[in-house]
Structures are given as C-alpha cells and as structure tokens.
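Working notes, beginning with the structure itself.
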Amino acid sequence: MKKAEPDELRPEYRRGDLGPGIRGKHLESFESGTNLVLLEPDIARAFPTEEAVNDALRSFIYGARGPADSRKSTS
C-alpha cells in the first residue's frame, strides 16, 4: 500500500490504518469530574480565558441567589 503524503487525506480509511484502540483511555479524566463545554463562537470571543468564564459564571450565580438565599435556615 502506498503511503499517503503528510497533508493528503485519503478518500477512505480502513480500521487497520487507524492503529489499535485503547479502551478506557480517558476514563480517569472522566471520573475525576472534568467537564468540557463547547461555547458558541460569539460567547468564546467574549470570554477568552477559562478564568474569565468562571468569574462571569460566579457573578451570575451569586447575583441570582440574592441576600436571602445566602442565609442559613434556623428551623
């Protein structure tokens, strides 16, 4: 079989061309609670870093709760 050029896509790939699959390769990351969220392009432009996203979400969460929700119940 002829080797493909580095930036040449083949019209079809066989399973054997892709190498062995590794079962559970990302399981540890998944179980540790890693969350990935795909942002729409306009949202991603507004929040260029993960810190900016987290800060905005925290502001939203704490602003939505208001002062009454932050008090502990005594009953």
Hey, Leu39 surrounded by 10 or more Cβ atoms within 10 Å (Cβ to Cβ), under 21 Å from the mean Cα position of the chain (by Cα), modelled with pLDDT of 80 or more and part of a loop (DSSP other than H, G, I, E, B) or not | yes
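Conditions (1) modelled with pLDDT under 85; (2) over 15 Å from the mean Cα position of the chain (by Cα); (3) part of a helix (DSSP H, G or I); (4) among the basic types (Lys, Arg), marked per residue:
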| site | (1), (2), (3), (4) |
| --- | --- |
| Lys3 | yes, yes, no, yes |
| Asp7 | yes, yes, no, no |
| Glu12 | no, yes, no, no |
| Gly21 | no, yes, no, no |
| Lys25 | no, yes, no, yes |
| Ser73 | yes, yes, no, no |
Give me a count of the residues in region 26-36 that are open to solvent by 70 Å² or more (accessible area, probe 1.4 Å) and on the phi > 0 side of the Ramachandran plot.
-> 0
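The values are calculated or read from the model by the stated rules, or taken from the named source; none is laboratory data. This structure is a prediction, so every number in the text was calculated from the model and none was measured. Here Cβ is always computed from backbone atoms with ideal geometry, including for glycine, and neighbour counts include all displayed protein chains. Note: accessible area is taken over every heavy atom of the protein model, side chains too, but ligands, DNA and RNA are not part of it. Shrake-Rupley method; radii C 1.70, N 1.55, O 1.52, S 1.80 Å.
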